Amino acid sequence: MYIDRILFPIQALGPGDRLVIWTAGCSRRCTGCANPELWSTEGRRSRSPLEIARIINNIAAENSISGITVTGGDPLEQPEELIELLRLVSCVTDDVLVYTGYTLGQLCCELTTEQYDELRTLVSVLAEGPYIEELNTPDTVLLGSSNQSLVYFREDMRERYEEYLSQGRKIQNVYMGNRLISVGIHNRQK
């Protein structure tokens, strides 16, 4: 599985102290993308879902993780690996948010029935749809643009997320090595 980074604790991509995984690889290449450096997997080392799960489980052994967010790139361009990883870390939290440029309708066609069904059981909330820069407005909390939507596979998460959404967009700056990373849904640059 191609990943770029794992950060914890992050409060800018979902409720609570979240562990966030950024995958690498996205063929969509949306104009104005917040992470164009994650489009390509070229020159990146692939890690097994088991190796990534060990890292996450080590973090969880020493910290209380409120939820896991998987973003990218597009995590669903690696569906088998994503599903395996989510299976391996399902004991860490029952709140998993996954971002994808695919719409729900496209996922039904792109994934096998088994993959789609398993994804629905492993993911609490899906942020779906391509990013459209012109539709990036500050009122789309947790979403890059207003054409995207949150799909609640677990209805019991709706209230928790709606409370989070009512607080507006959040940005969190984190140092990773000698690199400053700005995490969250940013407003469109004019």
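The values are calculated or read from the model by the stated rules, or taken from the named source; none is laboratory data. Just so it is clear, the model here is predicted, and its values are computed rather than measured. Note: ideal-geometry Cβ built from the backbone for every residue, glycine included; neighbour counts use all protein chains shown.
Just a few scattered comments:
- Among (1) touching a strand residue (DSSP E or B) at 6+ places or on another chain (Cβ under 8 Å); (2) of a type outside the set (F, W, Y); (3) not in a helix (DSSP H, G or I), the one test that E42 misses: (1)
- Residue-level check: of (1) buried (at least 19 other Cβ atoms within 10 Å of the Cβ); (2) aliphatic (A, V, I, L, M); (3) under 19 Å from L50 (Cα atoms), A127 misses just (3).
- Counting the residues of region 55-82 that are more than 22 Å from A34 (Cβ to Cβ) and either out of contact with any Asp or Glu (no Cβ under 8 Å at 6 or more places or on another chain) or crowded, with 22+ Cβ neighbours inside 10 Å (or both) gives 10.
- Every pair of residues 6+ apart whose Cβ atoms lie under 8 Å, when the first sits in region 94-115 and is at pLDDT 95 or above while the second is exposed (fewer than 13 other Cβ atoms within 10 Å of the Cβ): Q115/E80
- Residue in region 31-43 that is of a type in the set (V, I, T) and crowded, with 21+ Cβ neighbours inside 10 Å present: no
- Filtered by the rule that a residue be within 21 Å of L86 (Cβ to Cβ) and surrounded by fewer than 20 Cβ atoms within 10 Å (Cβ to Cβ), region 16-27 gives G16, D17.
- Checked against the criteria, G144 counts as surrounded by 18 or more Cβ atoms within 10 Å (Cβ to Cβ), within 27 Å of E37 (Cβ to Cβ) and touching a His at 6+ places or on another chain (Cβ under 9 Å).
- Out of I55, I65, sole residue that is part of a helix (DSSP H, G or I) and either of a type outside the set (S, T, Y) or within 13 Å of V89 (Cβ to Cβ) (or both): I55
- Extreme residue, nearest to L142 (Cα to Cα), among residues of region 167-182 that are of a type outside the set (A, V, I, L, M) and surrounded by fewer than 11 Cβ atoms within 10 Å (Cβ to Cβ): G168
- Selection within region 133-161 - of a type in the set (D, E) and more than 21 Å from V70 (Cβ to Cβ): E133, E134, D139, E159
- Tabulated pairs, region 123-141, first at positive phi, second part of a loop (DSSP other than H, G, I, E, B) and of a type in the set (V, I, T), C-beta under 9 angstrom, 6+ apart or interchain: G129/T103
- The number of residues in region 7-48 being of a type in the set (A, V, I, L, M, F, W, C) and touching an Asp or Glu at 6+ places or on another chain (Cβ under 8 Å) comes to 7.
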